[in-house]
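So the structure is just underneath, and the comments pick up after that.
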């Protein structure tokens, strides 16, 4: 067993010793003998020991007696110290990791998470405030960056740098590393039903660059306007404007983008999110997807498919990419920003060969190409199964957080209607009359330290439910928060201002679509 290297901080909390005193080690652990003091006796029925251990560890982290950054003993060592089976400890570690109390890397150990809850902080205003002293961020689009597989990525990076031939470090092909393009083609055919050969695949620095390059290609071909979904991503408007194209909003209905309105607009290109429409969470119906593909063929146009959150499904059968229905008229885009990390700046564009050729010529003038080593590491992840394992891990944890959000809304915001939660990393939450008006609700949330985005931020015209009086429509992200943090944030939203009371409407069942 390694040197544990901790001292007792204020209030008996286990805190890291000084760097120098610990011999410059970076891992801080609690001495095995200390567990007899930190954890209560597990002298309970054998079947209840797992729950008892989870509850005890959870309370030690909440109270601060197990401080952020403390390294946990191995499952084998703690099991021996407590007199329980190793499986009991392993299950407890996995559950608390899913809840955000612990964090770990395969083969490197388990630590108390830096974002784990600490001691409560007194409120400092007349409103209910974040009792952990910082803002609770419920905005969408934020993945959990602590899930990035650091150890596996670092090991692959070291190995690849040592093995790559000297010529590999020259100026890269702007289309991407051949090995990665091959691996991406195989992945997308298998997971997303994309029809692609490697020469139709181009490596880009994320979906934003893919859309920028496609906008340049369309502008060079004489297009001056591109349709976008309404509601939809404001980024689509901004990216199109940056390359001299105007955005034409087209309404989204319960089955997806209204193709009749698209046809009436007169444009020949559109950006769409058919697998998980942003922000509504709607999956385009089979008939709507067929209509959109038929429209693209009829006008000899181009659908730019943004596969937004397409890999994260919970209560919905897999939905293949639209590109598979009309590969000659769809440019498919995606990235590893949610599955691995946005900071990697790695994504892909699958398009007809002539479009890829034109896009690659423009990418050459922008950045010459993506870093070779990062491309090679991703190629290894794809071909060895590590990427699939990462997706399964993320999906499992994000589903737990989705469920935590639904439960918290039912408890603290009765009457809330929830939709768009069958897939993705956010939900549409509609609060009935009595919680609004919207501006006042958002102001109260900000005063309580909760960051929110209303649905109106994603609409081109007036918010669709403004006529409904005091109803409040929110786009709520949950992927980056531990279940307890989600519950805490929602509780703050449900707490009335100091000195007031609120009568909540009756609760309604969420819509899982």
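The values are calculated or read from the model by the stated rules, or taken from the named source; none is laboratory data. Model, not experiment: these values are computed from the prediction. Neighbour counts run over all protein chains shown; Cβ positions are idealised from the backbone, glycine included.
Points to keep in mind about this one:
- Boolean, residue 196 is more than 21 Å from the chain's Cα centre (by Cα), in contact (Cβ under 8 Å) with a residue 40 or more places away in the chain and either buried (at least 20 other Cβ atoms within 10 Å of the Cβ) or closer than 28 Å to residue 381 by Cβ (or both): yes
- Among the residues of the range 331-348, those identified as farther than 16 Å from residue 275 by Cα and assigned to a strand (DSSP E or B) are 347, 348.
- Matching residues in the range 151-177 - criterion: being loosely packed, with under 15 Cβ neighbours inside 10 Å and touching a strand residue (DSSP E or B) at 6+ places or on another chain (Cβ under 6 Å): 151
- Tally of residues being farther than 13 Å from residue 413 by Cα, out of contact with any strand residue (DSSP E or B) (no Cβ under 9 Å at 6 or more places or on another chain) and either at pLDDT below 90 or not in a helix (DSSP H, G or I) (or both) across the range 469-513: 7
- Per-region count, the range 296-339, residues over 14 Å from the mean Cα position of the chain (by Cα), within 30 Å of residue 479 (Cα to Cα) and buried (at least 18 other Cβ atoms within 10 Å of the Cβ): 13
- Subset tally (residues that are modelled with pLDDT of 95 or more and more than 17 Å from residue 391 (Cβ to Cβ)) for the range 140-149: 1
- Selection status of residue 68, part of a loop (DSSP other than H, G, I, E, B), modelled with pLDDT of 80 or more, touching a strand residue (DSSP E or B) at 6+ places or on another chain (Cβ under 6 Å) and surrounded by fewer than 20 Cβ atoms within 10 Å (Cβ to Cβ): yes
- Residues in the range 423-438 that are surrounded by fewer than 22 Cβ atoms within 10 Å (Cβ to Cβ) and at pLDDT 95 or above: 430 only.
- Only listed residue being touching a residue at least 60 places away in the same chain (Cβ under 8 Å) and exposed (fewer than 14 other Cβ atoms within 10 Å of the Cβ), chosen from 145, 184, 180: 145
- Residue that is nearest to residue 426 (Cα to Cα), among those in the range 215-232 that are touching a residue at least 12 places away in the same chain (Cβ under 8 Å) and surrounded by fewer than 21 Cβ atoms within 10 Å (Cβ to Cβ): 230
- Pairing each residue of the range 63-76 that is on the phi > 0 side of the Ramachandran plot with any residue that is crowded, with 18+ Cβ neighbours inside 10 Å and in a loop (DSSP other than H, G, I, E, B), provided the two are 6+ apart or on different chains, yields C-beta distances under 7 Å for 64/13.
- Counted residues, the range 238-271 - those being crowded, with 18+ Cβ neighbours inside 10 Å and in contact with a helix residue (DSSP H, G or I) (Cβ under 7 Å, 6 or more places away or on another chain): 14
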